[in-house]
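Q: To start, I am sharing the structure in question, which I have written as structure tokens.
Only the coordinates and a few stated rules stand behind these numbers; no lab work does. All figures in this text were calculated on a predicted structure; none of them were measured in a lab. Quick reminder, even Gly has a Cβ in these numbers, built from the backbone with ideal geometry, and neighbours come from all protein chains shown.
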Amino acid sequence: MYDHHECCRCFSQAGFNGVIGVQAIWCPMQMETRNSSGQEVFAIGCRMRMVTATGPIAPNRMGQASISRISPKAALCLADRLTKGTAMAGLLLPARIDTAMSVSADNSPAAAGTMWPALIALVAGALAMAISPILVRLSDVGPFASAFYRVFLALPFLFAWMRIEQRHGKSAVPKKRFSPAVIATGLAFAGDLFFWHLAILNTTIANSTFFATTAPIWVGLLGWIVLGRRVTSATAVGLVFCLAGGGALVWRSFELSPDHLLGDFYGALTGLFFGIYFLTVERARETEGAAWITFHMSVITAALLALAAAGAWIFYGQQMFPSDATGWLVLVCLAAISHVGGQGLLSYALGTLPSMFSSLVIFMEALVASALAWLILGEAITPLQGLGGLAILFGIWLARPQAGARKNGKTK
């Protein structure tokens, strides 16, 4: 019979401190044993309820968490107990933890040390996506064609990344190529790009940009209604600053007009689908690798956008193919930088960082896009836009995850 106390100490090694018990409430358990420098490493995916001295806290996830330096017996015991959690409601594993530290705050189980790489990836992804408006403007194809090529031409790069991810054992191959979460992610991103380009065609660029930045509102609302997450006051205030900053960036060109109502509606739908995208990627990352998710969701998105691009070419005469090699080069850069870099790094970051905070960081996309328009296209930046950029940065800082705060079911 295995030592239950030894089993539960693995949670402390994985960054969970102050835990006196673990109640398994949902466990599509994945377990992998591999030899890395002579050590047995166990990857266990599960959803659990952490119990502290003051009572249970919100269900947390521990997706593909690598737990090393524990005995094989302890890990097997933990896996056995967690797997039985689906049939043994209320099973409580006693844990003997010597420290009295609180559990890491966040709607991810990451310890503070693993948060920085994800944060850097998130910021880099936002910068990569910020380049897309410049590249779309430089391309000589229609808007729906550019959206299609952005995703389609990225597939070889994403496939190579996925094979590297699998070869190095960073994620196991899922049983299903297209899980429900991946399918939902592909549909959400297709909706995001489709309605974004419809908004561009039916309203001003400023209006479509502003309404697209409402994605964090939808992340918060859907997270609360569907997932039961509450948004902390700091995150809510940070969201207000980011929205105000985003409004300041486009204020000079923003225009509410009856002629633009349909385009404004498309812009709002863009924000809705992008918000859903954050939540579905976050859910998919519980059990699947970033490269696997980004590649397979891109297959779905590319197939849907191919239909939209072909329809725009046949019925509306939008240019489908670039006229020269320079046009193809622009589209390859759009795919490699904005999609592989942008969406790929975002998928990686959402394996660690909360979707609510990540959606706020994407406000940097609008900020950097304005700066690039000034540097490359010569578009002037007003003092109001400068203040808007500062407001966005301050809002992101306010909403930053607190690695040492207590997790009381709120989304940081």
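Q: What FRET efficiency, computed as 1/(1 + (r/R0)^6) with R0 = 35 Å and r the Cβ-Cβ distance, is obtained for PHE394 and ALA336, rounded to the nearest 0.05?
A: Details: r = 32 Å, r/R0 = 0.92.
Computed FRET efficiency for PHE394 and ALA336 comes out at 0.60.
Q: Let me know the shape class of the stretch 112-209, please: from the alpha-carbon gyration tensor, a ≥ b ≥ c as square roots of the eigenvalues, rounded when a/c is under 1.5, otherwise prolate if a/b is greater than b/c, or oblate.
A: Note, shape of the stretch 112-209 comes out prolate.
Q: Could you give the length gained on full extension between ILE225 and LEU201, defined as 0.36 nm per residue of separation minus the Cα-Cα distance, in nm?
A: Numbers: separation 24, 0.36 × 24 = 8.64 nm, distance 3.22 nm.
Using 0.36 nm per residue and subtracting the Cα-Cα distance, I get 5.4 nm.
Q: For the stretch 334-351, just list the computed ³J(HN,Hα) in residue order, Karplus coefficients 6.51, -1.76 and 1.60, θ = phi - 60°, integers in Hz, with x standing in for Gly and Pro.
A: Per residue, the Karplus-derived 3J(HN,Hα) values read 4, 5, 6, 8, 6, 9, 4, x, x, 5, x, 5, 5, 4, 5, 5, 6, x Hz.
Q: Amide H of VAL231 versus every other amide H placed in the peptide plane: which residues, excluding those fewer than 5 positions away on the same chain, fall under 5 Å?
A: THR411
Q: At a temperature of 20 °C and a viscosity of 1.002 mPa s, determine how fast the stretch 112-411 diffuses translationally according to Stokes-Einstein, using the Kirkwood radius over alpha-carbon pairs as Rh; express D in µm²/s, rounded to the nearest whole number.
A: Details: Rh = 19.4 Å.
The estimated diffusion coefficient comes to 110 µm²/s.
Q: When only C-alpha pairs under 8 Å and at least 6 residues apart count, what is the relative contact order of the stretch 112-411, in percent? Working shown, then result.
A: Working: 485 pairs, mean separation 122.0, N = 300.
Contact order relative to length: 41 percent.
Q: So what are the ³J(HN,Hα) numbers for the stretch 268-282, from phi and the Karplus equation (6.51, -1.76, 1.60; θ = phi - 60°), rounded to whole Hz, Gly and Pro as x?
A: 5, 5, 4, x, 4, 5, 5, x, 4, 4, 4, 5, 6, 5, 4
Q: Taking the dipole about the Cα centre of the stretch 144-191, with the C-beta of Lys and Arg at +1 and of Asp and Glu at -1, give me whichever of LEU187, GLN166, LEU153 is farthest to the positive side.
A: Selected residue: GLN166.
Q: Give a residue-ordered list of calculated ³J(HN,Hα) values for the stretch 352-367 (Karplus: 6.51 cos²θ - 1.76 cosθ + 1.60, θ = phi - 60°; whole Hz; x for Gly, Pro).
A: 10, 8, x, 5, 5, 5, 4, 5, 6, 4, 5, 4, 4, 4, 5, 5
Q: Also, quick follow-up: Distance between Cα centroids, the stretch 190-238 to the stretch 268-283: provide it in whole Å.
A: The stretch 190-238 and the stretch 268-283 have Cα centres separated by 7 Å.
Q: Report the charge-dipole magnitude of the stretch 112-411 in Debye, nearest 20, computed about the Cα centre from +1 at each Lys and Arg Cβ and -1 at each Asp and Glu Cβ. If you can, show how the numbers build up before the last one.
A: Working: 17 positive and 12 negative charges, 253 e Å.
Roughly 1220 debye for the stretch 112-411.
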